């Protein structure tokens, strides 16, 4: 998610220019996630993920994808171009979960057969940590939360 961002490459780098262009487009569209602290992925990385999901589908495998930025539900912290990935996950039908951070208050949503779990940030408290252990079973995902992160059972 940091491949195309204003902070991952120096000014003058082609990806920095692309990030500036994407941000300006999002700002012009009034996008809620048009923020300098967000970023996106490039076409090459998207094509790689698409190929991985196709191979997994051919092998009848379920997939958990992890990234830094949230994709769903919509909020100001979402990856630039999040819809492109959520559409890919919906088309593939084999992504059971997308796990991420970035939005320190956390979030949870489900679209189609994919759970979108945004874990809470560790940096927002002085006295309490937060983390989770994720266990995946044939019929569910168990999230064992610690500190500010709540425990959840997500049916598959």
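Please treat every number below as a calculation from the coordinates, not as lab data. It should be emphasised that the depicted structure is a prediction, and the values quoted were computed from it without experimental measurement. Don't worry about glycine lacking a Cβ; one is built from the backbone with ideal geometry, like all the others, and counts go over all protein chains shown.
Worth a mention:
- Taking the range 88-110 and a reference point 7 angstrom along Cα→Cβ of residue 35, the backbone N atoms nearer than 11 Å belong to 102-106.
- Area projected by the alpha carbon convex hull of the range 9-48, averaged over all directions, nm²: 3.2 nm²
- The simple Förster model, with R0 at 25 Å and r as the Cβ-Cβ distance, assigns residue 20 and residue 124 a FRET efficiency of 0.30.
- Peptides ranked, highest mean first, by Cβ atoms within 10 Å: ranges 87-97, 122-132: 87-97, 122-132
- Largest-first principal axis extents, alpha carbons of the chain, Å: 47, 47, 25
- Normalised radius of gyration (Cα atoms, divided by 2.2 N^0.38 Å) for the range 53-113: 1.12.
- Full-extension gain in nm, residue 151 to residue 11, via 0.36 nm per residue minus C-alpha separation: 46.2 nm
- Stokes-Einstein D for the range 9-90, Kirkwood Rh over Cα pairs, 25 °C, 0.890 mPa s (µm²/s): 175 µm²/s
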